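Notes follow the structure.
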Amino acid sequence: MKRDTIKHQYVQEAKKVFQKNTLQGFSRWKHTSYRFVAPADREYTYQWLWDTAFHAIVLSHFDTKRAQDEIRTFLVGQSSDGFIPHVIFWGERKMLPIWAYIESKIWFRPRTTAITQPPALALAVEQIYEKDQDKEFLKEVLPKLADHHRWLIAHRDIDGDGLMSIISPNESGMDELPVFQYVMGFHAQDMARLHYYYRKADLLNQLNGFNSRRILEKDYFNVEELVFNVVFIEAARSLSRLFSVLSNPTEALFFAQAAKKGEEALIEKCWNKEDKIFYSLFTKEEKHAKVMTVASLVPLFLSGLKGSKLKLLVQNHLLNPKEFWTKYPVPSVAASEPFYEPNDTPIHKMKLLWRGPTWISTNWFVVKGLRKHGYNDVADTIVKQMIDMIQKHGFREYYNPETGVGYRRKDFGWSTLIVDLL
Ligand code: GLC
């Protein structure tokens, strides 16, 4: 089948997925009606930050107004100081899932979490603008997105190096990625204790009132995480370009400089000379979290990555069948890691995410990055395998990197991102 035909097919299917996952109602919290695309029609029935960006990117291919609305709706949850939360709990349902209470300030019925997620909304806004050239929308949302980037700089960069710290594993968007148990000093695979370790930072954050600077000063969970920072940097570049569109050279310069500073620090500090790969940094000492995961490849998305680091990342790691070049790349954890688990986690109730399977969202960064740097053939091979998985198993939450079998939620929103890669 030709790419155009496949794209047409996936656009039709994406429309159905989005329709099925659309939730709407009236919010007593903000005294307004709301409508948004949830990640799935079960379990994930709230609005997430980076899912919203991905949904808006897909929507920009066939309905830019609706794409704008997704962003607008999410920005209703922004605090007056600029902070944008990772989840908004729309609706009036009284009981929320347990994690909602753990990740939010103590309240009977939290309206948003108190943690954030990779600041990807500006990436989506730029893609929408490329399609509709609507400057009024830019005027409306850019100042809000700029405020959130400034909030991050003020609260999450305590060492002033241009890299932002996350205060909870879930802020990375890759919840139980083994990088975070490594950071917590727990190397075993024992499920029950793992769950405790993955919640420990959130529980301590509660005690510290989710005060970022206080938490980072205490240093019990302080991770300058790769994906979060790559998104921060490229989103700052999007902001810079879009502020130029609005003839605002001061803001354009500010965000270009923030991007440059972060990118230089990441490429220099996160590179591990022995393993020749990028790792997240943890604690004030900035130690390398030495676990090879898809996050180590996401710096491919950085426009400024060049020379030997770029080559080594692609040739020694991505294309290495012992690490990331499985039949259906890119596995979330390298096959060479003892933590690598290609199958879905066995006990449903004790689900652990991001332990090996391939996810469409992280593939999106890798594929886009490969194309930026001229590795079109490698990008096309990954896309071909993604099409194969999706044709056989539909838009699943994630897939087995060896067999392509789809797992967990069906009709999962961001898996339609394939539309943007064709
Ligand atoms: C899981 C993912 C996270 C995503 C959320 C909603 O928690 O790890 O990245 O945002 O589900 O899809």
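Apply the Debye scattering formula to the stretch 287-422, with a single equal point scatterer on each alpha-carbon and no solvent, then give log10 I(q)/I(0) at q = 0.12 Å⁻¹.
The calculated log intensity ratios at q = 0.12 Å⁻¹ are -0.43.
I need the semi-axes of the equivalent ellipsoid of the stretch 213-292: take the C-alpha gyration tensor, multiply each eigenvalue by 5, square-root it, list largest first in whole angstrom.
Semi-axes, largest first: 28, 16, 9 Å.
How high is the relative contact order of the stretch 288-401? Use alpha-carbon pairs under 8 Å, at least six apart in sequence, and give a whole percent.
Rounded, it is 30 percent for the stretch 288-401.
Quick one: grab Rg to one decimal and Dmax as a whole number for the stretch 25-139, Cα atoms only, in Å.
14.2, 43
Across 10 Å bins from 0, what is the distribution of all Cα-Cα pair distances for the chain, in whole percents?
For the chain, the pair-distance distribution reads 5, 23, 35, 29, 8, 0.
Under a Cβ-only charge scheme (Lys and Arg +1, Asp and Glu -1), can you give me the dipole magnitude of the chain about the Cα centre, in debye to the nearest 20?
Computed charge dipole of the chain: roughly 740 debye.
What is the extension gain from L203 to M1, computed as 0.36 nm multiplied by their sequence separation minus the C-alpha to C-alpha distance, in nm to one decimal? Walk me through the numbers on the way to the answer.
On the way: separation 202, 0.36 × 202 = 72.72 nm, distance 5.07 nm.
So the extension gain works out to 67.6 nm.
Find how much the distance from H187 to K322 grows on full extension, using 0.36 nm per residue of separation minus their present alpha carbon separation; answer in nm with one decimal.
46.5 nm
Taking H placed 1.01 Å from N in the peptide plane, check which residues at least 5 places from V333 or on another chain put their amide H under 5 Å from its amide H.
Correct list: V294, G356.
In deg cm²/dmol, rounded to 500, what helix-only [θ] at 222 nm does the chain give when every DSSP H run of at least 4 residues adds -39500 (n - 2.57) and the total is split over its residues?
After summing the helix terms and dividing by the residues of the chain, the value is -14500 deg cm²/dmol.
In the stretch 1-83, what is the volume of the convex hull around the alpha carbon atoms, normalised per residue and reported in Å³?
107 Å³
Taking K368 as the anchor, which aspartates and glutamates have their alpha carbon closer than 14 Å to its alpha carbon, excluding any fewer than eight residues away along the same chain?
E234, D377, D380, D420
Under 12 Å from the 7 Å Cα→Cβ point of S336, by amide nitrogen: which residues of the stretch 263-283?
From the stretch 263-283, the list is 274-278.
Over the stretch 1-134, what relative contact order in percent results from Cα pairs under 8 Å that are six or more residues apart?
This gives 24 percent for the stretch 1-134.
Give the value in nm², to one decimal: projected area of the alpha carbon convex hull of the stretch 94-219, averaged over all directions.
Computed as one quarter of the Cα hull surface, the answer is 10.3 nm².
Two decimals is fine: what is log10 I(q)/I(0) at q = 0.11, 0.24 Å⁻¹ for the stretch 252-328, from a Debye sum with one equal scatterer on every Cα and no solvent?
Results for the stretch 252-328 at q = 0.11, 0.24 Å⁻¹ read -0.31, -1.17.
Under a no-solvent Debye model with one identical scatterer per Cα of the stretch 67-129, what's log10 I(q)/I(0) at q = 0.12, 0.14, 0.18, 0.24 Å⁻¹?
-0.34, -0.45, -0.70, -1.06
Under 8 Å for C-alpha pairs, at least 6 residues apart: give me the relative contact order for the chain, rounded to a whole percent.
Details: 752 pairs, mean separation 63.6, N = 422.
For the chain, the relative contact order is 15 percent.
Around V405, which amide H atoms from residues at least 5 apart in sequence, or from another chain, sit under 5 Å from its own amide H, with H modelled in the peptide plane?
N400
FYI, it's all coordinate maths here, none of it is from the lab. These numbers were taken from a predicted model, which means no experiment stands behind them. Backbone-built Cβ (ideal geometry, glycine too); neighbour counts: all protein chains shown.
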